[in-house]
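Scroll down for the structure; my scribbles are underneath it.
The values are calculated or read from the model by the stated rules, or taken from the named source; none is laboratory data. Keep in mind that this is a model prediction, so the values were computed, not measured. Here the Cβ is made from the backbone with ideal geometry for all residues, glycine too, and neighbour counts use every protein chain on show. Accessible surface areas use protein heavy atoms only, side chains included; no ligands, DNA or RNA. Shrake-Rupley method; radii C 1.70, N 1.55, O 1.52, S 1.80 Å.
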Amino acid sequence: MNLFKYHHHFRPQIHGRLLLNYFVGEGPSISSRIGSKQCFRNHSEDQDMTEFMEYLDSLKNYEKLGVPTGAGTDSEDGFDLGRMKRLMERLGNPQSKFKAIHIAGTKGKGSTAAFLSNILRAEGYSVGCYTSPHIETIRERISLGRSGEMVSGKALNFLFKRNKELLDQSVKLENGRISHFEVLTAMAFSLFAQENVDVAVIEAGLGGARDATNIICSSRLAAAVITSIGEEHMAALGGSLESIAMAKAGIIKHGCPTILGGPFIPNIECILRDKALSMSSPVVSASDPGNRSSIKGVSLLNGRLCQCCDLIIQTDNEFIELFDVNLRMLGRHQLQNAATATCVILTLRNLGWRISEASIRSGLEKTFLVGRSHFLSAKEAGILGLPGTAILLDGAHTKDSAKALVDTIQMSFPDAQLALVVAMASDKDHYGFATEFLQGGKLESIVLSEANIGGSKSRTTSAALLRDCWIQASNEMGIPISLETKDAPVSSTSKLENRPVLTTETSLLRAIKIAAEILKQRIDGRRGLVVVTGSLHAVSMVLSSLHS
């Protein structure tokens, strides 16, 4: 039976030119488009937790330093999860005081966590949500209650001061090995216990088996979720897709449901299912053939860019049809994340949780994350010195996420000519990232730049090294590009030959202006789109400049 047979409310897709016209005109600002108080950062709130931040900065921060080889594997090289357990025991094991949904995966963790949190809040549950990384303030990583507000600086600092003596003891007893992430995770779990949340949605930081978040016992775990398996943090997670899958599968607990996002290649899915079987964990897959989802068009709704979707999801004892769901999270990958979240919710319903169809729809439609398919308003482009320029920010930083971003742009703006601004961390697949954009077409310029990663230059990839990777990808793919340097500016032949211009600029904000200028010179009145990508840290630098 065709499940779509009786549904005829299909909405036509609005042409990409009209959408781009909107974003270079007098479109709404970030706050009105996103509808979240978290968009304008209250830096006085950050000043309220100066003591806590100074303490965190005194600890080893692997986001700044990079993760050691094998650190995320369940081996002798892996992080010492026992250290985290001992820390939590000293704090009274707050993680035992709430139910939790634990999410691991290469991509899609944060989006799936946001979908789940908003659905549960729409039903009236008090939800704690813990994710990483952040865009502008570390407080973004912890949200609390029915409103989803991020934690206040005062609350975080007060909790820290109350527990500082215990933290100091732990650091001393563990010979100074306790990390920035371990302390932040401990404080988040303590807040969730203190606020008596109904459920906590927790995103794993790295891998799963040895991640600091993996201290939730089976009696408190409502569901384990694995969104995707891809080639990221390869050295830290064992060097292969199989070892990455084993690390992520480490969050599966005995007798607790496992929800798989996917789709996964067969041998990877087999690893995940075998682990679940060994733990007597029932498996629900968002990628099962009976589950169907589709994007019917992209349009502006109440001043917001949305994709109109249908989701039909079936688990063992639950079935739901959601038509004309307007997702503000764009792209097929976000539709898959929404389907994964819906599978989790249906699994909870099967366990007796009260969650209505209306709450599922409301939560899915409300969800938006800063830095993912994130358009700047005309006013914000003007602040950057680029009035009339359409600027898209997206923190894609892997080959797979680059492909997802290319697909999203092609779907939403099929006629737009692109100018890329790329800054990346040193441990990413720069070559693979480049290949996805080069074969995606419609590139007018690529400006390679630099961004501090985790507030430090230690993991920053130089623009010169990125340039070498893009040249290699161009040569091996047979896709010609024109190189521009200060000593050798590009001649007009590159435009005539329809070759994208490749150049470098270490200043990220200056790189955006260069990309926009090249685009303006080459598109002859056609609509163009400047895309800033490669790292959420690059996105953070742009957004911070709007509020400085």
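Give the relative contact order (percent, whole number) for region 374-546; include only Cα pairs under 8 Å separated by 6+ residues.
Dividing the mean separation by the residue count of region 374-546 yields 35 percent.
If you add up the charges near S373, with Lys and Arg at +1 and Asp and Glu at -1, over every other residue whose beta carbon is less than 10 angstrom from its beta carbon, what do you get?
+1
Please say if region 374-546 is rounded, prolate or oblate, where rounded means a/c under 1.5 for a ≥ b ≥ c the square roots of the C-alpha gyration tensor eigenvalues, and otherwise the choice is prolate for a/b larger than b/c and oblate otherwise?
Judged from the Cα gyration tensor, region 374-546 comes out rounded (a/c under 1.5).
What does DSSP give for region 364-480 in terms of the percent of beta bridges that are antiparallel, rounded to the nearest 5?
Counting only bridges with both partners in region 364-480, antiparallel ones make up about 45 percent.
Rounded to the nearest 0.05, what FRET efficiency is calculated for L465 and D57 with R0 set to 22 Å and r the Cβ-Cβ distance?
Using R0 = 22 Å, I get an efficiency of 0.20.
Taking only protein heavy atoms into account and a 1.4 Å probe, give the accessible area per residue of region 374-546 in Å².
Using a 1.4 Å probe on heavy atoms only, each residue of region 374-546 averages 38 Å².
I'd like the carbon and sulfur percentage of the solvent accessible area for region 248-353, probe radius 1.4 Å, heavy atoms only, ligands and nucleic acids excluded.
Accessible surface attributable to carbon and sulfur in region 248-353 totals 50 percent.
Work out the length of the dipole vector of the chain about its Cα centre, built from +1 on the beta-carbon of each Lys and Arg and -1 on the beta-carbon of each Asp and Glu, and round it to the nearest 20 debye.
920 debye
Can you give me the accessible area per residue for region 51-287, using a 1.4 Å probe, in Å²?
36 Å²
Given the -39500 (n - 2.57) contribution per DSSP H run of 4+ residues, what per-residue ellipticity at 222 nm results for the chain, rounded to the nearest 500 deg cm²/dmol?
Estimated from H runs of four or more residues: -12000 deg cm²/dmol.
Separation of region 313-372 and region 421-472 by C-alpha centroid, Å?
So the separation of the two Cα centres works out to 33 Å.
Ratio of alpha-carbon Rg to the 2.2 N^0.38 Å globular estimate for the chain, to two decimals, please.
The value comes to 0.95.
How high is the relative contact order of the chain? Use alpha-carbon pairs under 8 Å, at least six apart in sequence, and give a whole percent.
17 percent
Which of the peptides 382-395, 245-258 is most tightly packed, and how do the rest follow, judged by the mean count of other Cβ atoms within 10 Å per residue?
In descending order of packing, they fall as 245-258, 382-395.
Determine the shape class of region 296-419: with a ≥ b ≥ c the square roots of the Cα gyration tensor eigenvalues, call it rounded for a/c under 1.5, and otherwise prolate if a/b is greater than b/c, oblate otherwise.
Cα axes put region 296-419 in the prolate bin.
Tally up the carbon and sulfur contribution to the accessible surface of region 374-546 as a whole percent, 1.4 Å probe, everything protein left in place.
50 percent
Percent antiparallel among DSSP beta bridges with both residues in the chain, to the nearest 5?
35 percent
Would you please classify the overall shape of region 51-287 from the alpha carbon gyration tensor, given that a ≥ b ≥ c denote the square roots of the eigenvalues, rounded means a/c under 1.5, and beyond that prolate means a/b larger than b/c while oblate covers the rest?
Taking the square roots of the gyration eigenvalues as a ≥ b ≥ c, region 51-287 is oblate.
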